[in-house]
Amino acid sequence: MNIDKFLPINLYEAKKRGWDELDIIIVTGDAYVDHPSFGASVIGRYLEYFGFRVGIIPQPDWKDKESFKVLGKPRLFFGITAGSVDSMVANYTPNKFKRREDAYTPGGLPGKRPDRATIVYANFVHEIFPDVPIVLGGIEASLRRFSHYDFWDNKVRHSVLLDARAKIIVYGMGEKQTLQIAKMLSEGKSWYEIYQIPGIVFSLGEKEFDTFIKDKDYILLPSFEEVSQDKDRYYDFQRLLLEGMKRKKILVQRDGKRFIIQNPPPSYTSQDLDFIYSLPFMRLPHPSYKEKIPAFETVKTSIVSHRGCFGSCTFCSLNLHQGWQVISRSEKSILEEVYRLTKHREFRGTISDVGGPTANMYRLRCKIHNIPGSCPERDCLFPDVCKYLEVDHSAQLNLLKKIKEIEKVKHVFIASGIRYDIALKDEYYIGEIIKEGYIGGHLSAAPEHVKDHVLEIMKKPKFKVYEEFVDIFERNLKKYRKELYIIPYFISAHPGATIKDAWDLAMYIKGLGHYLEQIQDYTPLPLTPASCAFYTEYHTLRKEKIYVAKTYEDRRLQRALAQYKDKKNREFLVKNKKKIPFPLEKLLG
Ligand code: SF4
């Protein structure tokens with residue numbers, strides 16, 4: 001394979017492209033997969049299109065500083081990302097045990113990405129190239145851009161900007177900001193000018209801050225000192241952060257003598273996304289890898305139709321990263337990508353997914369704001385589906401139909417989860433996805449719990465909405481004589497869930513009559529409202545105390561109840577029988 005079609009990962013490959021030096025070097029905690037689902041590739045390809053010479057150092061050996069020198073010194077900056085997942089989530093289970101695999105590494109091997117990868121990589125770069133600026137990006141830096149409760153250390157940590165001693169964090173998907181930074185540095189612009197770019201976070205000392213903020217409208221969040229010592233102030237911080245983000249304000253947090261400043265996000269359009277997904281991705285891992293990369297295998301024939309999510313699930317980090325507004329690609333752009341994919345050597349006739357964070361938000365409209373997710377003062381889907389949301393899935397259905405008509409495409413599936421509360425408003429859609437075979441054996445749906453007071457803390461619909469959806473789904477299965485099933489996803493030990501709630505969830509699962517693998521132990525992700533609830537023990541909607549299962553035993557117990565058919569869990573339940581104030585035989589029998 002022609003190696004110079006990939007972005008270079010060493011100087012030999014850079015020279016093959018005729019590059020003696022690189023402008024930007026991206027260090028990432030993932031393997032280098034040249035595919036639009038891998039952030040480092042997207043940023044790299046985007047910058048490359050605009051004439052920048054970009055190289056990637058994927059999964060450098062973090063015990064050997066030589067591995068950070070393989071591309072030399074960049075002319076403009078180092079871009080550092082922990083990869084597609086937070087390194088602590090990638091390396092540890094929700095119960096803080098070391099994971100035995102990493103899906104973003106060849107062969108799924110663990111240990112290629114250090115804990116707190118952003119900081120570890122930045123420290124090496126500082127040591128080797130002290131005069132080269134560092135720009136952080138990716139989900140880890142994005143979700144740790146302000147002070148945040150860290151589940152693994154069980155304390156409030158500083159913004160990663162300070163810990164990594166970086167110049168800037170690019171939050172969100174980051175293409176536009178990174179390009180602007182590259183252009184402005186190339187043109188010799190000052191940092192003061194660069195700090196006006198939307199979608200970035202940076203820090204200033206007291207005097208510089210006064211000059212920068214003069215005449216600007218901003219929200220001052222409680223300081224690091226306040227939020228790290230006072231849970232009430234952490235709660236206030238979380239509330240103000242979300243409000244400020246929805247209102248697209250400049251947000252400021254003081255930390256000692258520094259001020260952390262977040263500019264409002266950049267606006268993306270359909271044209272922007274169409275352009276990004278038209279870039280010349282190889283849709284393959286770098287040829288130097290011998291073993292399969294599990295995360296690539298999952299997405300290699302999938303298509304992203306949109307970004308963002310106008311849901312507001314409190315345990316999820318997506319809104320804080322990609323925002324509430326859903327931006328959809330044009331039908332033409334998606335069809336062209338599918339057409340290119342059908343020519344790919346890996347293509348076997350199946351488009352494994354056409355979706356985004358939630359599959360059925362593609363090109364839905366708001367009657368007032370056009371783009372849903374635009375209201376600062378209310379949520380589109382909570383407590384109910386907003387009456388101004390135009391629930392019309394015809395754009396998605398037309399798209400899927402046209403994809404199916406492309407030569408060599410045998411199957412098209414929706415593998416991304418769907419919001420059943422939206423789907424319920426359009427029974428025709430439910431019937432069509434069943435009839436047309438867009439569900440590959442099962443449909444993923446995420447009721448997350450069976451108890452309404454827990455669902456309220458999660459900002460999810462009431463459980464009866466899910467049950468209503470199941471009824472309609474099954475009615476349509478009969479109508480179209482299909483054998484499909486719904487896989488419900490549940491979260492155990494979410495803030496607010498007591499042992500009684502866990503018992504009720506377990507009895508519901510028992511009533512389903514089959515074993516459910518899709519039970520996740522709740523993990524408090526940095527900066528999410530639910531992690532604030534976990535830490536402060538306050539409800540996500542109001543300052544009201546709630547129960548939180550925090551100890552390993554309590555969390556383990558809730559999980560064991562939900563998966564009571566597992567042999568080890570049964571033994572654990574029997575051993576801890578005294579902690580379960582219900583007739584255990586009823587569940588285990
Ligand atoms: S009016 Fe309703 S649907 Fe439109 S953005 Fe606001 S909450 Fe969402």
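Couple of notes before you dig in:
- The set of residues in the range 71-99 that are assigned to a strand (DSSP E or B) and free of Cβ contacts under 8 Å to residues at least 24 places away in the same chain contains only K98.
- Members of the range 163-220 found to be in contact (Cβ under 8 Å) with a residue 40 or more places away in the chain and among the polar types (S, T, N, Q), listed by number: Q177, T178, S186, Q196, S203
- Those residues of the range 327-382 which are more than 16 Å from the ligand (Cβ to nearest atom) and part of a strand (DSSP E or B), in sequence order: T350, I351, D353, V354, G355
- Qualifying residues in the range 259-293 (those that are free of Cβ contacts under 8 Å to residues at least 60 places away in the same chain and open to solvent by less than 40 Å² (accessible area, probe 1.4 Å)) - the one nearest to S84 (Cα to Cα): D274
- The residues of the range 60-83 that are open to solvent by 40 Å² or more (accessible area, probe 1.4 Å) and of a type outside the set (K, R), listed by number, are D61, W62, D64, E66, V70.
- Residue within the range 502-510 that is assigned to a loop (DSSP other than H, G, I, E, B) and either within 28 Å of S228 (Cβ to Cβ) or basic (K, R) (or both) present: no
- Where a residue in the range 294-306 is in the same structural domain as K332 (by TED's automatic domain parsing) and its partner, wherever it lies, is open to solvent by 10 Å² or more (accessible area, probe 1.4 Å) and of a type in the set (A, V, I, L, M, F, W, C), with Cβ under 6 Å and at least six apart: P294/A103; A295/A103; H306/V326
- Which numbered condition S394 misses (of (1) more than 20 Å from S302 (Cβ to Cβ); (2) crowded, with 19+ Cβ neighbours inside 10 Å): (2)
- Checking each residue in the range 480-501 for being assigned to a loop (DSSP other than H, G, I, E, B) and among the aliphatic types (A, V, I, L, M) picks out L484, A493, A497.
- Neighbours by Cβ (under 7 Å, 6+ apart or cross-chain): first from the range 358-381, among the aliphatic types (A, V, I, L, M); second within 9 Å of the ligand (Cβ to nearest atom) and open to solvent by 10 Å² or more (accessible area, probe 1.4 Å): L364/L389; L364/E390; I368/Y388; I371/Q325
- When residues of the range 551-571 are limited to those that are polar (S, T, N, Q) and either without any contact (Cβ under 8 Å) to a residue 40 or more places away in the chain or outside the structural domain of F490 (by TED's automatic domain parsing) (or both), the one nearest to W503 (Cα to Cα): N569
The values are calculated or read from the model by the stated rules, or taken from the named source; none is laboratory data. Just so it is clear, the structure is predicted and the values come from calculations on it, not from any experiment. Methodologically, a virtual Cβ is constructed for each residue, glycine included, from the backbone with ideal geometry; neighbour enumeration extends over all protein chains shown. The area values use the complete protein model at the heavy-atom level, side chains included, leaving out ligands, DNA and RNA. Shrake-Rupley method; radii C 1.70, N 1.55, O 1.52, S 1.80 Å.
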